[in-house]
Amino acid sequence: MNRFRQGAALALAALVAANSVVVLIGWAVSWSVFVQPPAWFIPMAPSTAAALLLLSLALMVRAVTPSSAMLRNAGTVSAWIVAALALVNVIAPAVLDQLMGGATGQFGRVPLGVMSPVTAAALIPLALAIAATGPRRAYAGPLATVSAIVGGTVALGYAYGAPLLYGSGTIPVSLPTGLSLLFLGVSAILAAGPRVWPFKALAGESPRARMLRAFLPLAVGLVLLIGLLDARLGAHYEADRVLVAAWFAVVGAALVALAVSRLARRIGRDIDRAYTGQYRAEERYRAMFEQSLVGVSTTRMSDGQVLMCNDRQAQIFGYESSAAFREVPAQEHWWDRAERDRMLAALREAGELRNYEIHMRRKDGTPLWLLCNITLRTGDDGEPMLDNFVVDVSERKSLEQRLWQAQKLDALGSLAGGVAHDFNNMLTAIIGNADILREELAGSPHEDDLNEIIKASDRATALTRQLLTFSRRQPFDPKPVRVDELVTDMEKMMRRLIGPPVRLVITSDTDVSPIMADRSQIEQVLLNLVVNSRDAMPHGGTVTIETRQLRLDEPLVTGTISVPAGSYIMLAVSDTGTGMSPEVVSRVFEPFFTTKEKGKGTGLGLSTVYGIVKQSQGHILVYSEPDIGTTFKCYFPVSERRARVSRPIHLPAKVKGTETILVVEDEVPIRSLAVTALKRHGYQVLEAGDGVEAMTIAAVHDGPIHLLLSDGVLSGVRVAELLRGLATQHPETKVLLMSGYSQEAVLQQDIVEPNTAFLPKPFTIRQLTEGVRKVLDSEQK
C-alpha cells in the first residue's frame, strides 16, 4: 500500500512537471497557441509553469530520496522560493511573466500570459505543504488540501461552463493550471502519508473510517455528476428546466438509494463477518481459558476480591469450582500477609512481575507454592487490577527442600565425621598417656586424678561415637533383627526409664519379618526416641510404640522426606507431649541442635537416630504439632542381603612379645604413645611419620618386619601403595590398621583386604597391646 501511494504521488508530480516543461518551451518559442490563443483556450502563464515545475521536482526529490539530506534540503529551498515568488506575484502581478516572455497580449479585459492572483494564492499553501512533507508533515495535508480544492474548483468551473469560478473579469486561471494545482495537491497529500489529515480520517478499520470510505466518494460523485448534467443539458431544455431539475433529483435520489442499499448490504456483511470472527475468537480464548493447565484470575488490588478465574485456578487452591473460589478474598490464601504487601510494593514499582514465587495456602490449610506472572493494570472503573497467571510448583519446591535438607545433613555428617576423627586422635594420646602414668603411679595420691582424666576421656569417646553414628561412619555389624522381639525384650527397661507419670503402650503386628541391622544400634534408636518423648511430657502422658509390617505401592512423600515404594518394617514412637513447630521440625536432626535447657541435652540424640536409620538403609519421618504431640516413624526395608562382617579382634591374655613392628602415624603424640607402649612390652619398634618414610625404612631394614601398625589414612604414599610395597619387600609382614574413622569408612573403598584387622581410636594401652598380640598370633598373611 505504501508503494502504491508513493508511485501515485510520483506519477502525478511527474505529469505536472512534464506539462510545465511543455508550457515553458511554448512561451520560449512563441507557439501560436500561447501568444495568440483561440477564444475557448486560456494558456498557462510562464511564471505559473516555472513555479509548478519547481514544486513538482521538489516533491519528487523528497518522496524518492528521503534519506538524502542534501536533496531534501534542496527541495525545501525550492518550495520556499516558489512561495516567495507567489507572494511577489500577488503584490506585483505580471512582473515575473514579462521577464519570462509572457504578458504579450490581452485576453478580453485581462493581460495574456500573466499568473492569476488566485493561482498565486493557491501556490503559497502548496509550496508550504511540500516543504512540510519532512519533519512537519502534520501540516502538509491541510495545506495541500487547500490548493487541491482551488484546483478542483477551477476544473469544475470549466466543466460547468461557469467562468465566474475561474477569474471572470480578473486575471483568469487556465484549465491546465487548475488541473496542475489539483494533481500536485493530491500528490502532496499522498506523500504526507495516511496518518495525516485528510487521509487520517479515512485510514484504518474503524466504523467511522469504513463509512467515510464508502459514502464520501459516492456523495461527492453524485452531486458533481448531477451538477454537470444540469449545467450541460439544462440549456437544451430551457422551457422545461424545472421538470428536468425534478427528473435529475428523482434519478439522483434513486441512485443514492441504490448505492446506499448496496453499501449497507456490504457493510452489513462486513459487520456480520466481524461479529462472527469476534465470537469465534472469544470462544477460542474462552476454551483456552477454561482448559488451560495454568491458573488464570483477575483480582481487585484494594481488597483482593477475585473478579474472574478459571477452574484450574480453583483446583490449585483445592476448591470444587471457580464460583466457590471467587467467594474468598485473595489475601485469605496467603501464608504470610506481610509477603503480599511486599509483592504489591514491588508490583507498584515495576508494573509487572515475571517468574515470581509466592507462598500460599490451600483451602485445607496445606502449604502451596506458586510461580506467577502478575500484571498491574487499571480497570474500566479506574481501580487497579491484578491479572494473575500461576503454576503450582509445590512438588518442585518440596523436591528442592528435600534435596537441600539431604545435602545439608550430608555436609553436617561429613563435618561431624571429620571432627570425630580429630577428637579421636587427641583422645588416643590423652587416654594412652594417662594409662602409662597410672601404671607408673600405682598407689600414688594422684592415681584418682588420673582415673578422673580417663573417665572424662571415656565420656568424650562416647560423644565422638555419636558423631560417627550421625555421619554413618560408626562400625556397623548387620544381622537379622526382629524389631517386635527387640521391643518386647526392652519393655521393662523402658518402663523404668520413662517413670510412673508416663504410660507406655506397645502394639505390634504378628509374625513381623526381620530386618538387616545392627541390633545394638536399633536399641539405641528406640531408647533415644523414648527418652525424647519422655522429656517432651514433663507432666506425664502416653508413649506409644508400634511395630508394623507394610508395603508401599507408591512413594510416601511428606515434608522434605520421600520413602520409595517397597516392603518395610515400621517402628513408630508417638507421644502426647508439647510437640514442635515447623521451624523446629526442619532442624530436628541437626547435630547439637536442641530445644532443651542448657545442660539437659547434647543435641546429638536425634541426629544419632537419623544416622543409624540411614546406615541401616532406612528412612525416618517426623510428624508434630504444637500442644498435640510428636510421632517418629522409622521405615526399615525387609531385605535378605547380608552385610559384610569384619573379623573381630578377640582379646588374648598374652600382650608382650619380641617381634619387630613398623609404626606409621602422622600424628606425633599418637606415634610416640604407640612406640613407647610397644617398647615397654618388649617389641622392637621402627617408626615413620608418613608412607614415604615407611617405604624407605622397610627397604633398608635387613631383618624381618613382623607387623605393620599404620594409621588408616596417610599423607604422601597411600595405605594401599604402602601395603603393596611391603608385600614385595617383606611378604612376612602382617597388618593392623588404626583410625579415628570407623572401620567401614576406612575399608569401604576396597583399597585393602576386607578382613584386615582394625583397631578403632581412641584406644587404651591394653587395647593396643592386645590387638597387636592377636594379629601376630593369627594366621594372617
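The values are calculated or read from the model by the stated rules, or taken from the named source; none is laboratory data. A quick note: this is a predicted structure, and the numbers were derived from the prediction, not measured. Side chains are part of the model used for accessible areas, which takes the heavy atoms of the whole protein and leaves out ligands, DNA and RNA. Shrake-Rupley method; radii C 1.70, N 1.55, O 1.52, S 1.80 Å.
In terms of accessible area, using a 1.4 Å probe and ignoring ligands and nucleic acids, L437, L184 rank largest first as L437, L184. Of the residues V530, V700, ranked by 1.4 Å probe accessible area with the largest first, the sequence reads V700, V530. How much accessible surface does E452 have with a 1.4 Å probe, in Å² rounded to 10? That residue has around 100 Å² of solvent-accessible surface. Computed over protein heavy atoms with a 1.4 angstrom probe, the accessible surface ordering of I430, I569, largest first, is I430, I569. Do the alpha carbons of any pairs in K363/K633; K479/K734; K656/K774; K479/K774 sit beyond 18 Å of each other, and which pairs? In this structure, K363/K633; K479/K734; K479/K774 lie more than 18 Å apart at Cα. The solvent-accessible area of T378, taken with every protein chain present and a 1.4 Å probe, is close to 100 Å². Maximal additional length on extending the T298-S715 stretch stands at 143.5 nm, based on 0.36 nm per residue less the C-alpha distance. Solvent exposure of D458, expressed as accessible area, is near 80 Å², computed with a probe of 1.4 Å over the protein chains only.
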